[in-house]
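The values are calculated or read from the model by the stated rules, or taken from the named source; none is laboratory data. The structure presented is a predicted model; accordingly, all values stated were derived computationally and were not measured. Quick reminder, even Gly has a Cβ in these numbers, built from the backbone with ideal geometry, and neighbours come from all protein chains shown.
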Amino acid sequence: MNSKNCLIATYFIATVISSVAADISGKVTLKGTPPKEIVVQLDPLCGKLHSADSKVTTRHFVVGQSGELADVFVYLKSEGLSNAPKPTGQTAVLDQKSCLYHPYILGLQTGQTLVVKNSDPVLHNVHPSPVVDGNKEQNKAQLPKGPDLKFIFEMEEVLLKFKCDIHPWMFAYVGVLSHPYYSVTDKSGAYTIKNVPPGKYTLIALHRKSGKPLSQAITLGENGLAANFTIDAPEPLK
Ligand SMILES: [Cu+2]
């Protein structure tokens, strides 16, 4: 093989290797009875956006009939992932609807744009409150159905709190990671982390109100992997 062909072959092999990727998926279940949610006292403007007979509560434990636990942030520990792909230009979206943030928990990559929308006929105040140096605290008013706001964070922070200073019940939490390998469980407790290169990792499941995150050492092959977690409900306060 001459040097030119050798170079082409090397490029081809490198491309094939880097294109092998697999999914990590599974379910998260809550064991035990979650604490009762607290009814939120809305102000009159936000109250009008909900039907009179519906009660708005905190969203700490969103649990299905068989313990399926939503809003668990499942992600890979960043060790060994310094060569992970950078954000592709696709944005993440956080919306304000009926005076609540949607979603409640979401993931974001460092350097990726988070678009915050206001779908409400109500003024909101978007106040990301990071605690990690290098992530900027900001506080921006957003007019009723006003233009989108955009935020970028440069440092990992799990979880970074968003709040609204006008409506003290409004919170969202953003898992900011330096790589794109994260997911949030849906109402069936299911998550999928897509297109991960094969390797050894630490997989972490974090539910904001359940104490310590759980972790599993995993070895991901080309065929993907299933990994489930069971999270204990916190002990009731005595
Ligand atoms: Cu608000």
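Values as computed for the structure displayed
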{"item": "Checking residue 210 against (1) modelled with pLDDT of 95 or more; (2) under 22 Å from residue 100 (Cβ atoms), the condition it does not meet", "result": "(1)"}
{"item": "Subset of region 159-168 that is surrounded by fewer than 20 Cβ atoms within 10 Å (Cβ to Cβ) and within 16 Å of the ligand (Cβ to nearest atom) - its residue that is farthest from the chain's Cα centre (by Cα)", "result": "166"}
{"item": "Failed item, numbered, when residue 209 is tested on (1) surrounded by fewer than 16 Cβ atoms within 10 Å (Cβ to Cβ); (2) more than 16 Å from the ligand (Cβ to nearest atom); (3) touching a residue at least 24 places away in the same chain (Cβ under 8 Å); (4) over 23 Å from residue 59 (Cβ atoms)", "result": "(4)"}
{"item": "Qualifying residue in region 66-80 (condition: buried (at least 18 other Cβ atoms within 10 Å of the Cβ), closer than 25 Å to residue 149 by Cβ, of a type in the set (A, V, I, L, M) and not assigned by TED's automatic domain parsing to the domain that holds residue 147)", "result": "no"}
{"item": "Residue pairs meeting the criteria (Cβ under 8 Å; at least 6 apart or on separate chains; first at positive phi, in region 216-238; second surrounded by 14 or more Cβ atoms within 10 Å (Cβ to Cβ))", "result": "224/22; 224/23; 224/24; 224/25"}
{"item": "Check on residue 105, within 18 Å of the chain's Cα centre (by Cα), more than 16 Å from the ligand (Cβ to nearest atom), modelled with pLDDT of 95 or more and farther than 18 Å from residue 183 by Cα", "result": "no"}
{"item": "Residues of region 177-203 satisfying the condition of being under 25 Å from residue 134 (Cβ atoms) and touching a Lys or Arg at 6+ places or on another chain (Cβ under 6 Å)", "result": "202"}
{"item": "Unmet criterion (only one of (1) of a type in the set (A, V, I, L, M, F, W, C); (2) away from the ligand (no atom under 16 Å from the Cβ); (3) over 17 Å from the mean Cα position of the chain (by Cα)) for residue 149", "result": "(2)"}
{"item": "Residue count for region 209-226, restricted to those that are of a type in the set (Gly, Ala, Ser) and touching a Lys or Arg at 6+ places or on another chain (Cβ under 9 Å)", "result": "3"}
{"item": "Members of region 122-138 that are within 12 Å of the ligand (Cβ to nearest atom) and assigned to a loop (DSSP other than H, G, I, E, B)", "result": "122, 123"}
{"item": "Conditions (1) in contact with a strand residue (DSSP E or B) (Cβ under 6 Å, 6 or more places away or on another chain); (2) outside the structural domain of residue 109 (by TED's automatic domain parsing); (3) farther than 24 Å from residue 83 by Cβ; (4) surrounded by 15 or more Cβ atoms within 10 Å (Cβ to Cβ); number of the one not met by residue 201", "result": "(3)"}
